[in-house]
Amino acid sequence: EPVLKLVGIEKSYREGDGVLPILRQADFSLFPGEVCGLVAPSGAGKSTLLHIAGLLERPDTGEVIIGGRSCGSLDDGARTAIRRTEVGFVYQFHHLLPEFTAIENVVVPQMIAGLDRKEATRRGMELLSYMKLEQRASHLPAELSGGERQRVAIARSVANAPRVLFADEPTGNLDPKTSHYVFDALQALVRATGLSAVIATHNHELAARMDRRITLEEGRIVELE
Ligand code: ADP
Ligand code: ADP
């Protein structure tokens, strides 16, 4: 059974007096453990697709099904609850809390979700070690390199054990070598936790290393290769 299923997603934005269709009958299934690359030109609708799949935005029509649960008819509160527990997000910019250390950044969302500090710290250190950051746990974001900050952001995004990770150009600010290193760590994390991921990227070499690749063509999701 897919962890994420999109069925007949349509989304348009208003543009002046008209409408700008972005997604048209977009269908997609992501299976447990899969890492899927989303490769499409700027403006094709990648962010829109990730935001709809991650319940940050509603489609005009169509169904988003996460973990077998249809999310369309749910109210905003129920969608937020599912988003907090089932979905993780990583962006091009890390959005770490600057006054908190790496481990604290990973612990805070777990404590907000109700875990005690000790258990949250144990899990946080485990996640940081998948990201090869054990030695950086007590550093502030400003004391970390760009690649390290992004690895902390990835660890934080999965702190509450989501089913699906959505990453929007997670290595977009990094040089090629660092990008590969961050992706290796991300993949190790996915393998270790049984997570699934959709990763929007312009980096074709990175995309080539993922399990699957999709693109957007005239608002539809098309499998590559
Ligand atoms: P990508 O991530 O592939 O660059 P986006 O999903 O960000 O594409 O945007 C797709 C198109 O939708 C772009 O033309 C963008 O300007 C437009 N768009 C995105 N969000 C909005 C919005 N909230 N209101 C109006 N237009 C939007
Ligand atoms: P990058 O080129 O990847 O951005 P940096 O030159 O920023 O890397 O950092 C190189 C190394 O030095 C990293 O491992 C980083 O953790 C460490 N580092 C950078 N700034 C500080 C700092 N202010 N305090 C402690 N360690 C630092």
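The values are calculated or read from the model by the stated rules, or taken from the named source; none is laboratory data. Because the structure is a prediction, the values reported are computed rather than measured. All Cβ positions, glycine included, derive from the backbone under ideal geometry; neighbour counts span all protein chains shown. Heavy atoms of the whole protein, side chains included, go into the accessibility calculation; ligands, DNA and RNA do not. Shrake-Rupley method; radii C 1.70, N 1.55, O 1.52, S 1.80 Å.
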Rounded to the nearest 10 degrees, the helix 176-193 long axis (Cα) sits at an angle to the longest Cα principal axis of the chain of 90 degrees
Which of the three applies to segment 117-202, rounded, prolate or oblate, going by the alpha-carbon gyration tensor with a ≥ b ≥ c and a/c under 1.5 meaning rounded?
oblate
Nearest 10 degrees, 0 to 90: helix 102-112 Cα axis against the chain principal axis
60 degrees
Along the positive direction of the dipole of segment 1-63 (beta-carbon charges: Lys, Arg +1; Asp, Glu -1; about the Cα centre), which of Thr48, Ala26, Thr61 reaches farthest?
Thr48
Cα gyration tensor of segment 165-204 - equivalent ellipsoid semi-axes, whole Å, descending:
18, 12, 6
In cubic angstrom, how much convex hull volume per residue do the alpha carbon atoms of segment 1-62 span?
86 Å³
Principal-axis tilt of helix 146-157 within the chain, Cα atoms, nearest 10 degrees
70 degrees
Sort out for me the Cα centre separation of segment 99-141 from segment 33-98, rounded to whole Å.
24 Å
Per the 1.4 Å probe, what fraction of the accessible area of segment 92-225, in percent, lies on carbon and sulfur atoms?
53 percent
When the dipole is taken about the Cα centre of segment 73-146, and only Lys, Arg (+1) and Asp, Glu (-1) are charged at their Cβ, what size is it in debye, to the nearest 20?
140 debye
About the Cα centre, charge dipole magnitude for segment 11-168 (Lys/Arg +1, Asp/Glu -1 at Cβ), debye:
280 debye
Sorted by packing (mean other beta-carbon atoms within 10 Å per residue), highest first, where do 155-166, 62-73, 100-111 land?
155-166, 100-111, 62-73
Modelling each spin label as a point 7 Å along the Cα-to-Cβ direction, I'd like the Glu99/Ala188 distance in nm, to one decimal.
3.3 nm
Between Arg69 and Val19, take the C-beta separation as r, use R0 = 25 Å, and let me know the FRET efficiency to the nearest 0.05.
0.25
FRET efficiency for Glu10 and His202, Cβ-Cβ distance as r, R0 = 22 Å, nearest 0.05?
0.30
Counting all C-alpha pairs of segment 60-193, share separated by more than 21 Å (%)
41 percent
Cα pair count fraction exceeding 28 Å, expressed as % - the chain
29 percent
Local net charge near Arg24, Cβ-Cβ under 14 Å (Lys/Arg +1, Asp/Glu -1):
-3
With a probe of 1.4 Å, find how much accessible area the chain has per residue, and write the answer as a whole number in Å².
48 Å²
